[in-house]
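Visitor: My structure is below; once you've seen it, I'll send some questions.
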Amino acid sequence: MLAALASAFAATAAAQVPASQRPQLDGAKAARHQAVDYLAQGPTAWQPAEVDATTWVADFVVAADGSGTHRTVQAAVDALPARADGAGAQRTWVIRVRPGTYRGPLCIKDKAPLRLAGEPGNAGAVTLVDGRYNSLPKTVGTPAQPCLPPSDAARHGTSGSATAVVASPDVLLAHLTIANDATQPGRPPIGDGAQAVALMTLADRIQLEDVRLVSHQDTFYVKRPAPQAPARVFVR
């Protein structure tokens, strides 16, 4: 269905632009829109790592059945050291998540560099999921999501609906699914305020490799942590 919609949209868009006006960017303009130029923006140029998660040695293993070091992804993240000032020499930690569905919001904030991986070659084997949405009521004065500060709002809002928030730089997510099932069949209708974010990033040098993002609206939300702060995200 999604592929059909995408195909139909592309065909409609192409039909509205005369062939004489395509491509719309000439060679000189297109040359200014390369991944390497985007990744070079910021304090230093960034070259995303090549990924072979089969070679990573795990510091922590998450398994819902208790066979790992932690039962939840959040517990493993909480066990990571805090990000140090001048963290260029701080080592990268590895969390491996065994197959299963892990329900609940996830917050990765102010932590050491991290690689979080599910099953190489099968992004559907590990699912991180929650079910909050924009207009879902919440208690005034509480945070809408563990990565966010307390808010006087009476509902979660778009940012607060996120299943996972990455608010720490140098995080690589690989071979897993992040979903928000707020609007899946069988769940209450939500009407207005249906935004239900799967992943929100609030940091620089975030890399997604073979990551499935599943939701209804505003599925992937990329934000800057501050107005002028870099917030580069690389998806492959």
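Any read-out appearing in this document is the output of simple, stated calculations on the displayed coordinates, not a laboratory observation. The structure presented is a predicted model; accordingly, all values stated were derived computationally and were not measured. Cβ coordinates were reconstructed from backbone atoms using ideal geometry, including for glycine residues, and neighbour counts include every protein chain displayed.
Visitor: Among GLU119, GLU209, rank each residue by its count of other Cβ atoms within 10 Å, from fewest to most, as a rough exposure measure. Don't jump to the answer; show the numbers that get you there.
Guide: Numbers: GLU119 18, GLU209 22.
Least crowded to most crowded, the residues run GLU119, GLU209.
Visitor: Determine ³J(HN,Hα), in whole Hz, for all residues of segment 157-164 in sequence, where each value follows from phi through the Karplus function 6.51 cos²θ - 1.76 cosθ + 1.60 and θ = phi - 60°; x replaces Gly and Pro.
Guide: x, 5, 4, x, 7, 4, 5, 10
Visitor: Can you list residues whose amide H is under 5 Å from PHE234's amide H, if they're 5+ apart or on another chain and H is modeled 1.01 Å from N?
Guide: ILE206, GLN207, LEU208
Visitor: Can you return the lysines within cross-link range of LYS111? Criterion is Cα-Cα under 24 Å, with same-chain partners fewer than 8 residues away left out.
Guide: Qualifying lysines at Cα under 24 Å: LYS223.
Visitor: Using a Gaussian network model of the chain whose springs link C-alpha atoms within less than 10 Å, name the residue from PRO169, PRO43, PRO99 with the highest mean-square fluctuation.
Guide: PRO43
Visitor: For a footprinting-style exposure proxy, rank THR139, THR163, THR219 by other Cβ within 10 Å, fewest first.
Guide: Working: THR139 10, THR163 29, THR219 18.
Lowest count first: THR139, THR219, THR163.
Visitor: What is the fewest-to-most order of LEU148, LEU25, LEU39 by other Cβ atoms lying within 10 Å of their Cβ? Present the calculation step by step, with values, prior to reporting the outcome.
Guide: Numbers: LEU148 21, LEU25 11, LEU39 15.
Lowest count first: LEU25, LEU39, LEU148.
Visitor: Which of the chymotrypsin sites (Phe, Trp or Tyr not before Pro) found in segment 16-124 are loop residues per DSSP with 11 or fewer other Cβ atoms within 10 Å of their Cβ?
Guide: Loop-located and lightly packed - none at all.
Visitor: Now for a separate question. Give the long-range amide H neighbours of TYR102: residues separated by 5 or more places, or on another chain, with amide H under 5 Å away, using H modelled in the peptide plane at 1.01 Å from N.
Guide: For TYR102, the qualifying residues are THR127, LEU128, VAL129.
Visitor: Here's a follow-up. With θ set to phi - 60° and the Karplus curve 6.51 cos²θ - 1.76 cosθ + 1.60, what are the ³J(HN,Hα) couplings of segment 120-136 in order, to the nearest whole Hz, using x for Gly and Pro?
Guide: Karplus-based 3J(HN,Hα) across segment 120-136 equals x, x, 8, 5, x, 6, 10, 10, 9, 9, 8, x, 9, 9, 3, 8, 5 Hz.
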